[in-house]
Amino acid sequence: MITVIQKLYTNIEIICNVNGVVIGFKSLSGVKQGDNLAPILFLFAIQAALEHMSKDWPVKTPPLEWCPPAPDPKGTLITTCTTAQKSLELLDFIRSLYADDASFVFMSRNDMIVGTRHVTRTFAKFGLEVHTGYTGADGKVVESKTEFTHIPCFGQELLTQLPSKSARDDS
């Protein structure tokens, strides 16, 4: 499969016919905008990058909890938490993906900085780019396409002192 995909993108010549004038040129860079394989190849690359980056995630994950659906005595499904349910379950949620956008959840501004460096380095290993902006050699500034939002929450200083998931699992 990998060999077939590589052959689809190796030694490619693009032929254009404009008003009867045929022009050909070599394609020198990977996947093109609008290529039918682009979303699939992106998913392969981003999934591999995310799995790799999760192995050594450098910051604490937020202690998010959720109430899983549970049957009630009548056999119907309870979809909202009630005081009758004994405990919430830890929700392992640090990222969300949609198309070619990614969102990561951090506990603090510092975690966001450390985590973003980790994400950027890991993505680069897989040929992916985080658009953080830069100043070109000609001095022209290219704006960042990446957005960050830090929303401090009440009691956050307490949340950041909670033990990690693995420490809670050990107790």
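The values are calculated or read from the model by the stated rules, or taken from the named source; none is laboratory data. Computed from a predicted model, the values in this text were never measured in an experiment. Positions of Cβ are backbone-derived with ideal geometry, glycine not excepted, and every protein chain shown enters the neighbour counts.
For the range 14-40, the candidate set comprises residues that are of a type in the set (A, V, I, L, M) and assigned to a strand (DSSP E or B); within that set, the residue that is modelled with the lowest pLDDT is Ile14. Per the listing Gly127, Gly139, the residue uniquely modelled with pLDDT under 85, under 30 Å from Ser29 (Cα atoms) and not basic (Lys, Arg) is Gly127.
Cβ separations smaller than 6 Å between residues 6+ apart or across chains give the following pairs from the range 107-121 residues that are charged (D, E, K, R) to residues that are assigned to a loop (DSSP other than H, G, I, E, B): Arg109/His150; Asp111/Val59.
Here is a yes/no grid of residues against (1) loosely packed, with under 13 Cβ neighbours inside 10 Å; (2) over 17 Å from Asp101 (Cα atoms); (3) at pLDDT below 90:
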residue: Phe42; (1), (2), (3): no, no, yes
residue: Ala49; (1), (2), (3): no, no, no
residue: Ser54; (1), (2), (3): no, yes, yes
residue: Pro69; (1), (2), (3): yes, yes, yes
residue: Asp72; (1), (2), (3): yes, yes, yes
residue: Gly75; (1), (2), (3): yes, yes, yes
residue: Thr79; (1), (2), (3): yes, yes, yes
residue: Thr82; (1), (2), (3): yes, yes, yes
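Screening Ile2 on (1) modelled with pLDDT of 80 or more; (2) loosely packed, with under 12 Cβ neighbours inside 10 Å; (3) among the β-branched types (Val, Ile, Thr) shows it passes everything except condition (1). Here the condition is being of a type in the set (Val, Ile, Thr), within 27 Å of Gly34 (Cβ to Cβ) and modelled with pLDDT of 75 or more; of Thr61, Thr116, Thr132, it holds for Thr132 alone. Filtered by the rule that a residue be surrounded by 10 or more Cβ atoms within 10 Å (Cβ to Cβ), closer than 22 Å to Ile2 by Cβ and not polar (S, T, N, Q), the range 13-38 gives Gly30, Val31, Lys32, Asp35, Leu37, Ala38.
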